[in-house]
Amino acid sequence: MAPISLSDVVSSLPSEDSWGPPTPTETTLNGVPYAPYSKGDKLGRMADWTTEGKDGRDGRGGRQQYNRNYRDQQVYGAGTSSLFAADTLVQDESTFSVVSNTRDSTKTRFGRGGNFARGRGQRGGRGDTRGGRGQFQRVGGRGGQQGYGNQYDSRGGRGGARGGRRFGWKDYDKPQRNRDASVNIKADWKMLEEIDFNRLAKLNLDTDDGEDIDSYGFLYYYDRSFDKQPVKSSERKLTPVDRAAYNVTTSSDPIIQELAEKDEATIFATDSILSMLMCSPRSVYPWDIVIVRQGNKVFLDKRENATLDMVTVNENAADAPMDASEGSKDAINQPSALAEEATYINHNFANQVMLESETQKVDMTHDNPFYNPAEETEPAASKSYKYRRFDLSLNDEDPVHLIVRTELDAVQKNAISGDDQFLTIKALNEFDHKAQGSGGALDWRTKLAGQRGAVVATEMKNNSCKLARWTVQSIMAKADVMKLGFVSRANPKTNDKHVILGVVGWKPRDFAQQMNLSLSNGWGIVRTIADMCLQREEGKYVLVKDPNKQILRLYEVPTGSFEDDGEGDITEEAMDEDE
């Protein structure tokens, strides 16, 4: 085969200055007008009935639908329709105009031109295409939370166009919280019920203020000097005070065992366990409660070394403290370390604010049932155990009563009447207002004196579950005042030295109203869970809060579970739980 050279190809072209056929200068071809084209034009479909419409619009007169798959392609000849348009029609329309003084009378519930949507956002609407009013949209919360969060976008719907909450700065880069359960769920456990928090929030049961059955222990008087705002130069240091304190579970309490033998009630619990159950819709961290049914009685218990006894820190914050598995490198600001620090602070703070005097103290009817002077090397702490009974009956034919062991911490004289007032004493702690997990807290040293309301409001938001539990415990104990201490680290980088910045007192029911805390809802939760167990056979059950969802699960477990630590019911992860 003879070789072909490039010169032979070029010489055969009609023009040496271009490729392809020559461009005609006339606008007609064989007497028929044609649309001029560019050699760079991309040819579209020969006949596309989906995009062609009336006057360049769709069949309803709307704009042509945009398709990003063909955004770079041009429909052949689409831009040349004006070449064949009639000039007379354009001239006639240019001389016509409409004058109208009628205002747009279209109104909605949210004003003229407003657009209200629930669920997925809408790209259309006045706020999006015409620059009018924006959308008010209610979208879902974060992390599987039910309910709705309010979101307003003044630009018209961009904020919620994909549904869900509006992302903040680098929210996409934050790791998902995957916490471990507080107890190891075994294969032989049988799940009986699964209850989400939305159902729990709708429960309601009104009950009375309760009645006292008996009281044990003694109380010291509270040192009122801690109520004064300390000067920076004379801040009080938190000092360890070794006192014997107890938190015995329900079934191990000898007083509750005696009351159960006398058929004084149907449900028995301690205030720590009961408050966790009543405030469960506010909880985020995992927990579990052991429920034992014996005959027609229900005992709400806790496991040995359970996380219910630990005091959480910023559990309800939007960006809660992260654990090591979640990427945190600050060991002292991890959830487990903060819980141990907060528990240590609460124990020592309650003992430090007492005026310990054997001549000035209030003795209850009986001595402390858990303190044995012959075995203990430390003196007993100021504590009063009041056993109180509440009526949870729905009708007179089927009475249901509950007995709970409540606790009081101190007593003080009323400044007006001089009568004794019973107190519960708790402590909020600040670790580092600049660290991750602080929840936007203010600097207590500079803001507590002048902006106490803002500091308390932030704590209500970040520690909603913890404060709700303390408030419920105070109301059940019929305390007159709930004292809250504000304790901060002496140095944010160390967690072994603390200072007391101030103490504030509230009436428990007033504080509950500020927190929007409903006791009737809590009693409804208790009665519902108790009925679930009373409808089943005798045995042992476990109520478990899902570690990553707002769900409670009720399991039926073998009778011998949790009695021996060697059985492996408690995992190492549960012991280090970020409670």
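Every number in this text was worked out from the coordinates using simple rules, so none of it is lab data. Treat the numbers as computed from the prediction; the structure is a model and nothing was measured. Counting neighbours? That spans all protein chains shown, and the Cβs are built from the backbone with ideal geometry, glycine included.
What the table shows:
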| read-out | value |
| --- | --- |
| Å³ per residue enclosed by the Cα convex hull of the stretch 190-575 | 158 |
| ³J(HN,Hα), Karplus 6.51/-1.76/1.60, whole Hz, each residue of the stretch 483-488, x for Gly, Pro | 8, 10, x, 10, 10, 10 |
| Once the Cα gyration tensor of the stretch 258-337 is diagonalised, semi-axes √(5λ) in Å | 35, 12, 9 |
| Neighbour net charge for T207 - beta-carbon separation under 10 angstrom, K R +1, D E -1 | -3 |
| Of K361/K466; K329/K493; K413/K507; K413/K466; K202/K545; K461/K549, those spanning more than 22 Å from alpha-carbon to alpha-carbon | K361/K466; K413/K466 |
| Integer Hz, Karplus 6.51/-1.76/1.60 couplings in order for the stretch 316-328, x for Gly and Pro | 9, 5, 4, 10, 5, x, 9, 8, 5, 5, 9, x, 6 |
| Kirkwood Rh in Å, taken over the stretch 196-263 so that all alpha-carbon pairs contribute | 18.2 |
| Fewest-first sequence of R553, R236 by Cβ atoms within 10 Å of each Cβ | R236, R553 |
| Least to most buried among V313, V353, V292 (fewest other Cβ within 10 Å first) | V292, V353, V313 |
| Dimensionless Rg/Rh of the stretch 331-431 - Kirkwood Rh, Rg from C-alpha atoms | 1.07 |
| Amide H partners (placed H, <5 Å) of H498, local residues excluded | L238, A490 |
| Most to least packed among 387-396, 403-412 [average Cβ atoms within 10 Å] | 403-412, 387-396 |
| Most positive-pole-ward Cα, N314, Q550, M532, against dipole of the stretch 190-575 from beta carbon charges | N314 |
